[in-house]
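The values are calculated or read from the model by the stated rules, or taken from the named source; none is laboratory data. Every value quoted in this text rests on a predicted model; they were computed, and no experiment measured them. So basically every Cβ, Gly included, is an ideal-geometry build from the backbone, and we count neighbours across all protein chains shown.
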Amino acid sequence: MTIILTCRVPEGAIMLADSRAVWQRATTPTKPSVSQDTLQKILPLGPRSAIGYAGGVGAAGLIINEIRKRLRAKPRLRTVRKLAADIPRVAKYYYGVYVSRTGHKPSVALMLGGVTDSGAVLTWWFASPTFVGHELASGYKVLGSGDVVESRLAVVYPTLAGLPGLKDRTDSLLWELMDELSRIGVPTVGGLPQVVALTQSGIQPLRYGFMTVDPRGSASPARTMEMVSGRWIQTDLTSGDQIAVTEPAALLSGPPVPRRVHDYAPAVSAPILKWNLTRFLTCLTVDRDAGSTEFNGVFTALASSEYPARVTFMVSARFWGPVGQREATFVLVRGDERQSLLSETVNVLYATEDVQLERVLTASIQGPGPAFLEFSIDGHTLGRRPLYFGEMPHEFTQEAPSQNPATLNRALLEQQRACVDAVIEESRESKVVYWTICHNCIADGTRLRFEGELMVVYWRSYPLRFPAMLAGAFFMPAGAHTIRVDLVNAASRQVTPITTAHVTSSSSYVFTTIHGQCEIVIPSHGLYFLNLYVDDVLTTPIVLVAETDQPAISYGLHDADLERVRRGEFAVLLRGAKQTDVPGNSQIVPLR
């Protein structure tokens, strides 16, 4: 058996089927069945109609083959309503032919979808042995051994209409079904699903893929399914293998070949994914313009002429990781005292995209001395930033305002440098202040400006080489350290070395900056981690996506921008770019 599903959505309908054929050994029942994840179960009947099936492959293949013959012989049947009216008679007759030939009465279900000349999307389903037609004008229908997901569908389906578009609706439906199948474990359902959207413009096979995004783990299954030259292709991104799916006649023409591409089996132990902090700054103001972000009044130390003092400042935190509703908290720690500054719920929509929080915090400081600002997600401490609150010398009070502030800054820095972060010194682990890849970074005293932070690059044919600035700052244990930056393919874990450096930290309480221009080499399109290691320990990874002129992993470009990429120009999508349907979201720059 199998799963075949039609789901009505505002744009029309989504058809979905798995790719598994299960060969049962009727003559030797003691031997295990053979699973072959290479069967096409959604078949085109023309440019504006398609048919899917579940159940006995031989019977379904015979029925669909005869339907295709009738379409070629009688063009009038290409009208989807007339075809739907004709299918019950044809299916019932050839089902009987199959039963008389084989003596076997398999369960067979068919689903038909089509688009009329006026753009109306129509869907029906039929089931053996009578194959009476049932029009599906709304809702959903799921058939086959995978119908155990129906209870999950009842919960998911009402939420689809509230999503912004067809892609989001399809993604939600697909991942919810895959999760439910994995939870239940149906051995006769497997392989990557074939997904087709029916809209007023016609039939559109949909490409998708998945991988476990864990920069600290080993390579895990990473696979895609897409239509290439009219054939569904399953690709294992980890190994590079491509596995084509074939129509029933081709599959049945040879012996069973064990090939399990993807099992929907309950996971023995789910991977524990972590959040990854890429920025944790304290400052006075943040200014943004097209393609750049500037932080002013960046500080780790403040001074007051009297205590207790009430201090207001901005915090900028950026991270990526597991999706869902998450609780973000900021807490100021001084000795045994923990002062809660902010707690709020944030929605992580995409695991590989940055979530950025810029908030105004107000803290009550009882006296001078060291403190730590902690940033946590769901109770997990993601960032820990040393701060120092000093005393304002008398000559800097309002009675003598003309003193040079640089003198005060140096005095505060020396007081701060004398402090020790016992956690960093004991663990020997560095903590991130910021880590990014950009066109340029300006660090001028308390002013920090990032220009053109890269999130996605677009290039016609890889490998790709381009100059960029790597900008990082970290709290490190005092002493000498070795820095290494690698580009790591998320699917294959192939490593491309980028650069190395040596730095010395004067204090674990004062951050060390690591800025430098270098050449970035991207071997092929895909999803990458740009990992920074301190003394061979991964400190923080950022995600960098490499697309072609046919974007498939991240965001697409407007047609005019894609045409420029096809002509050999280099395009980038910047971090923090507002995603709207307005030309100019991408930045096209010459490759130097």
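Need at least 2 residues that are in the same structural domain as PRO541 (by TED's automatic domain parsing) per element, so show me which strands (runs of 3 or more DSSP E) inside region 413-526 make the cut, counting only ones lying wholly within it.
Numbers: elements: 431-444, 447-458, 464-475, 479-489, 495-505, 512-522.
Because the criterion is at least 2 residues that are in the same structural domain as PRO541 (by TED's automatic domain parsing), the strands (runs of 3 or more DSSP E) in region 413-526 that meet it are 447-458, 464-475, 479-489, 495-505, 512-522.
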The listed residue being at pLDDT below 85 and of a type in the set (A, V, I, L, M), out of VAL261, VAL213, VAL257: VAL213
Residue match in region 333-356 (condition: in contact with a strand residue (DSSP E or B) (Cβ under 6 Å, 6 or more places away or on another chain) and without any contact (Cβ under 8 Å) to a residue 12 or more places away in the chain): yes
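Hey, among the residues in region 522-553 that are within 30 Å of ARG567 (Cα to Cα) and among the charged types (D, E, K, R), which one's surrounded by the most Cβ atoms within 10 Å (Cβ to Cβ)?
So in region 522-553, the residues within 30 Å of ARG567 (Cα to Cα) come out as 522-530, 542-553.
Still in the running and among the charged types (D, E, K, R): 547, 549.
Details: GLU547: 23, ASP549: 20.
Per the criteria, the residue is GLU547.
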Yes/no for SER19 being at pLDDT below 95, outside any loop (DSSP other than H, G, I, E, B) and either under 22 Å from GLY191 (Cα atoms) or not basic (Lys, Arg) (or both): no
Within region 355-392, considering residues that are acidic (Asp, Glu) and either part of a strand (DSSP E or B) or buried (at least 17 other Cβ atoms within 10 Å of the Cβ) (or both), the one modelled with the lowest pLDDT: GLU391
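I'd like the full set of residues that are aromatic (Phe, Trp, Tyr) and at pLDDT below 90, limited to region 155-204. Can you show your working first?
The initial filter retains those residues of region 155-204 that are aromatic (Phe, Trp, Tyr), namely 157, 175.
Listed by number, the list holds a single entry, TRP175.
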Single unsatisfied condition, ILE233 versus (1) among the β-branched types (Val, Ile, Thr); (2) more than 27 Å from GLU66 (Cα to Cα); (3) not in a loop (DSSP other than H, G, I, E, B): (2)
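For region 159-179, enumerate the residues that are in contact with a Gly (Cβ under 9 Å, 6 or more places away or on another chain) and surrounded by fewer than 23 Cβ atoms within 10 Å (Cβ to Cβ). First the steps, then the outcome.
Start the filter on region 159-179 by keeping residues that are in contact with a Gly (Cβ under 9 Å, 6 or more places away or on another chain), which leaves 166, 177.
Result: LEU166, single match.
Kindly check whether there is at least one residue in region 246-253 that is surrounded by fewer than 19 Cβ atoms within 10 Å (Cβ to Cβ), of a type outside the set (Phe, Trp, Tyr) and within 27 Å of LYS431 (Cβ to Cβ).
Start the filter on region 246-253 by keeping residues that are surrounded by fewer than 19 Cβ atoms within 10 Å (Cβ to Cβ), which leaves 246-247, 249-250, 252-253.
Restricting the remaining residues to those that are of a type outside the set (Phe, Trp, Tyr) gives 246-247, 249-250, 252-253.
Narrowing the set further to residues that are within 27 Å of LYS431 (Cβ to Cβ) leaves none.
Checked region 246-253: no residue is surrounded by fewer than 19 Cβ atoms within 10 Å (Cβ to Cβ), of a type outside the set (Phe, Trp, Tyr) and within 27 Å of LYS431 (Cβ to Cβ).
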So ARG223, is it basic (Lys, Arg) and either crowded, with 20+ Cβ neighbours inside 10 Å or not assigned by TED's automatic domain parsing to the domain that holds LEU387 (or both): yes
